[in-house]
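Asker: The following block contains the structure, expressed as structure tokens.
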Amino acid sequence: MTSQNDPNRVIIFDTTLRDGEQSPGASMNLDEKLEIARLLEKLGVDVIEAGFPIASNGDFEAVRAIAEQSTSARIAGLARSLEKDIDRAADAVEAAGERARIHVFLATSAIHREFKLNKAKDEIIKQAQDAVRYAKQRVADIEFSPEDASRTEPEFLAEVVQAVIEAGASTVNIPDTVGYGYPNDYAELIEHLISNVSNINDAIISVHCHNDLGLAVANSLSAVRSGARQIECTINGIGERAGNCSLEEVVMAMRVRKDMFGDLHTNINSEHLYSASRLVQTITGLPLQRNKAIVGDNAFAHESGIHQHGVLKNPECYEIMTPQSVGVPATNMVLGKHSGRAALNDRLKDLGFELSDEDLIKVFEAFKDLADRKKDIYDGDLIALVEQAVRGREVTVWNLEYLQTTSGTYDTATATVKISKGDDKHTDAATGDGPVNAVINAMDRICGTSGNLQDYRLRSVSQGRDALGEVSMQVEFDGMVVGGKGLSTDIVEASAKAYLDAINRIVLQQEREAFHKQEEAAVSP
Ligand code: KIV
Ligand code: ZN
């Protein structure tokens, strides 16, 4: 079942930076990936899948930088079963030394064999074995994934798994690539492998579940009860289509339901789950629904009087875990206009943020601005200010200088916007169907962009009429989708900042792509 020393240890393999980044609009820049990787290590994740190095130079650089920065987690790079992919992945993870892993995959189901690969079963087995052997020459720790395993004939899957373990794979991952699995039969598939693969004890069985039927967490938990000892998951469950198994849910389910999981345990420091969730939301611009399990805004909110009464008497009446156990901050009012930098820093430390001096100065300035507009500053406000400072670190091509809008029931909305790029200041005005639309039109005129707003969400980060509003949007520019975020006590200003954030991201992404194209042209014969 497992070749590790502790048979009850469940390895957490986080793929937020690889499968998670495949969510539409979730692309992240290098600094953001490094930031998430640091938090994943603090969280106690065992393996970080940092990217797919052959996919682009940006992916390669990110995996290489994460491998270099890492101190405790294994760093994995994904590769198809092709030598060029494996070489690229090996180069990217090299700096992680003994903690380097190459994750090789090849589809095995009948539909993929026939339509995608046009290969017979014996050819698949040979290619998979060759790939594992080739990768093993570069890196000791090799994981193999038979893509679409849950729809592969179980007998053939067992043959593939036996063959790749023989070739040197130390982890065999059984992906439910299309989220088709059901807890009972996915568990039976794991049991089938345990009974029919004679060398199965030489490898860890891993599971990788997609959430197309909303069963990714259930399937992963079920597989663990049948003997799997690695779970592949992402923060907030982000990932292709409906996403992947959510890390926070799977970890807390195992912790809370000891009656189901006995001594099985992970290495996750659960009190960092909330900040990890917030960071990933901030960086990707993908907001969560309020009722998301574990980390959603309503996860610990009790609305009905009967529940509130019960919780006051004994929290266990209606809470199966405490908010503190997953790092949800108290909503107490903490600071105000007269609070100094030291008080702010102390409170941020309590909330789990260790800021560099430079970031602290930025957050303190934003805090003072906010204190001028808003009397009581809550933990939720502080978290949002920190996230804004982190998010804005690299992405400040254009800055918002000034904004004025008019609108009314019977009037056409108008906006005047002044934005700057370095020392250049540009002002323009536009009309629109409401003040947000007018602001966006004015910004597009100045920046020469034409964004198509695909999603727009507004949430208040704390309570009260003067609460900070956080706008998250997904904007498409010439076929490329990016996330934008903005924060202000004025929701039109928050929307303007979010749109400008999206413009800044697309400008940087386009510059990066142009640079890589030039580089590629320079090396091609
Ligand atoms: O879903 C999947 O099959 C994958 C593999 C590359 C593991 O992401
Ligand atoms: Zn996947």
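Asker: Label points 7 Å out from Cα along the Cβ direction at Asn184 and Asp122: separation in nm?
Answerer: Rounded to a tenth, the inter-label distance reads 3.8 nm.
Asker: Report the relative contact order of the chain, percent, no decimals, based on alpha-carbon pairs under 8 angstrom and at least 6 residues apart.
Answerer: That works out to 11 percent.
Asker: Could you compute the FRET efficiency for Glu68 and Tyr410, with r as their C-beta to C-beta distance and R0 at 51 Å, rounded to 0.05?
Answerer: E between Glu68 and Tyr410, to the nearest 0.05, is 0.25.
Asker: Could you sort out which of Lys42/Lys292; Lys374/Lys485; Lys313/Lys349; Lys375/Lys421 sit more than 26 Å apart by Cα distance in this structure?
Answerer: Those over the limit are Lys313/Lys349; Lys375/Lys421.
Asker: Let me ask something else about it. Could you give me the ³J(HN,Hα) list for region 8-16, computed from phi with Karplus coefficients 6.51, -1.76, 1.60 and θ = phi - 60°, whole Hz, x at Gly and Pro?
Answerer: Result, rounded to whole Hz: 9, 7, 9, 7, 9, 10, 9, 10, 4.
Asker: Another question about this same structure. Under the 0.36 nm per residue contour assumption, what length would be gained going from the current alpha-carbon distance of Asn196 and Arg445 to full extension?
Answerer: Here the answer is 83.2 nm.
Asker: Return Thr15, Thr406 ranked ascending by Cβ neighbour count within 10 Å, so the fewest neighbours appear first.
Answerer: Taking fewest neighbouring Cβ atoms as first place, the list is Thr406, Thr15.
Asker: Give the angle, between 0 and 90 degrees and rounded to the nearest 10, that separates the Cα long axis of helix 83-93 from the longest principal axis of the Cα atoms of the chain.
Answerer: It is inclined by approximately 60 degrees.
Asker: To the nearest 10 degrees, how steep is helix 121-138 against the longest Cα principal axis of the chain, on a 0 to 90 scale?
Answerer: 70
Asker: So which GluC sites (Glu not before Pro) in region 162-194 are both in a DSSP loop and have at most 11 other Cβ atoms within 10 Å of their Cβ?
Answerer: Those that pass, being in a loop and sparsely packed, number zero.
Asker: Give, in whole angstrom and from largest to smallest, the semi-axes √(5λ) of the equivalent ellipsoid of region 51-159, with λ running over the eigenvalues of the Cα gyration tensor.
Answerer: Sorted largest first and rounded, they come to 27, 13, 12 Å.
Asker: Can you list residues whose amide H is under 5 Å from Gly25's amide H, if they're 5+ apart or on another chain and H is modeled 1.01 Å from N?
Answerer: Val481
Asker: Under a crude label model (7 Å from the Cα following the beta-carbon direction), how far is Arg133 from Arg38 in nanometres?
Answerer: So the two model labels end up 4.4 nm from each other.
Asker: I'd like to compare 446-453, 501-508, 47-54: which one has the highest average count of other Cβ atoms within 10 Å, and what's the full order after that?
Answerer: 47-54, 501-508, 446-453
Asker: Tell me, what is the Rg over Rh of the chain, with Rh the Kirkwood radius over Cα pairs?
Answerer: Radius of gyration relative to Kirkwood radius: 1.00.
Asker: Compute the projected area of the convex hull of the Cα atoms of region 34-88, averaged over all viewing directions, and report it in nm² to one decimal place.
Answerer: For the Cα atoms of region 34-88, the hull's average projected area reads 3.6 nm².
Asker: Then there is this: Can you give me the angle between helix 491-523 and the longest principal axis of the chain, using Cα atoms only, in degrees from 0 to 90, rounded to the nearest 10?
Answerer: Approximately 50 degrees, to the nearest ten.
Asker: Sticking with this structure for a sec: For a quick protection proxy, order the peptides 232-240, 283-291, 397-405 by their average other-Cβ count within 10 Å, most packed first.
Answerer: Result, highest mean Cβ count within 10 Å first: 232-240, 283-291, 397-405.
Asker: Tell me the mean residue ellipticity at 222 nm calculated for the chain from its helices only (DSSP H runs of n ≥ 4, each -39500 (n - 2.57), averaged over every residue, nearest 500).
Answerer: -13000 deg cm²/dmol
Asker: Provide the gained length on full extension for the span Asn57 to Glu316, in nm with one decimal, where the gain is 0.36 nm per separating residue minus the Cα-Cα distance.
Answerer: Full-extension gain reported as 88.2 nm.
Asker: Along each of its three principal axes, how wide is the spread of alpha-carbon positions in region 11-284, in whole angstrom units, largest first?
Answerer: 46, 45, 32
Asker: Right, next: Which whole-Hz couplings ³J(HN,Hα) result when phi for each residue of region 96-105 is put into the Karplus expression 6.51 cos²θ - 1.76 cosθ + 1.60, θ = phi - 60°, listed in order with x for Gly and Pro?
Answerer: Working through the residues one at a time gives 7, x, 5, 8, 7, 9, 10, 10, 9, 9 Hz.
Asker: Now a separate question. Which of the peptides 132-144, 354-366 is most tightly packed, and how do the rest follow, going by the mean number of other Cβ atoms within 10 Å of each residue?
Answerer: 132-144, 354-366
Asker: Let me ask you something else. In vacuo Debye scattering of region 329-392, one point per C-alpha: log10 I(q)/I(0) at q = 0.14, 0.17, 0.18, 0.26 Å⁻¹?
Answerer: -0.32, -0.49, -0.55, -1.24
Asker: OK, next. Search the structure for amide H atoms under 5 Å from the amide H of Ala100, placed 1.01 Å from N in the peptide plane, and list their residues when 5 or more places away or on another chain.
Answerer: Amide H neighbours of Ala100, under 5 Å, 5+ apart: Ile75.
Any read-out appearing in this document is the output of simple, stated calculations on the displayed coordinates, not a laboratory observation. A quick note: this is a predicted structure, and the numbers were derived from the prediction, not measured. Every residue, glycine as well, gets a Cβ built from its backbone with ideal geometry; the counts of neighbours run over all protein chains shown.
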